[in-house]
Amino acid sequence: QVQMVESGGGLVQAGDSLTLSCTAGAPSVGGLGWFRQAPGKDREFIAAISWSGGRSYYADSVEGRFTISKDATKSTMYLQMNSLKPEDTGVYYCAGRRSFGALVDNEYDYWGQGTQVTVSS
């Protein structure tokens with residue numbers, strides 16, 4: 001079982017920045033992603049990155065504001081979030097799977113417990 005552990009959530013104001021971290025507990029993970037779930041809404045894809053290469057994808061809603069990155073030496077993935085908006089509020093989850101390229105949550109095998117991000121207006 002791969003353990004995924006997120007950290008870094010909090011309460012910020014609109015326009016602020018926040019960085020989330022996710023530690024993946026096993027090197028068998030080839031693709032990682034960030035998802036979020038707003039109150040009363042389905043979980044949605046935010047960004048994905050390949051563990052071994054430099055490929056990444058972003059949802060249109062965060063393109064240009066969020067940056068996904070990784071530090072393989074620390075087995076850690078990051079989500080740098082800039083220019084935060086109230087609609088970015090939600091529980092953010094990191095997820096892992098064997099290969100890169102999945103943009104939907106049911107294609108990921110490993111999940112963290114989630115970290116709350118709240119953006120006030």
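Values quoted throughout were computed directly from the atomic coordinates according to the rules given, and no laboratory measurement underlies them. Every value quoted in this text rests on a predicted model; they were computed, and no experiment measured them. So basically every Cβ, Gly included, is an ideal-geometry build from the backbone, and we count neighbours across all protein chains shown.
Working note: Debye formula, equal point scatterers on the alpha-carbon atoms of the chain, no solvent; log10 I(q)/I(0) at q = 0.19, 0.21 Å⁻¹ is -0.94, -1.16.
Loop-located GluC sites (Glu not before Pro) in segment 40-121 (DSSP state not H, G, I, E or B) with no more than 14 neighbouring Cβ atoms inside 10 Å: E63.
Phi-derived couplings, Karplus 6.51 cos²θ - 1.76 cosθ + 1.60 at θ = phi - 60°, listed residue by residue for segment 98-106: 5, 10, 7, x, 8, 10, 10, 5, 6 Hz, with x used for Gly and Pro. Basic side chains Lys and Arg get +1 at the Cβ, acidic Asp and Glu get -1 at the Cβ, and with that the dipole of the chain about its Cα centre reaches some 260 debye.
Just to confirm the filter: which trypsin sites (Lys or Arg not before Pro) across segment 24-71 are DSSP coil and have at most 13 other Cβ within 10 angstrom of their Cβ?
K41, R55
Evaluated over the Cα positions of segment 1-69, the convex hull gives a direction-averaged projected area, one quarter of its surface, of 5.7 nm².
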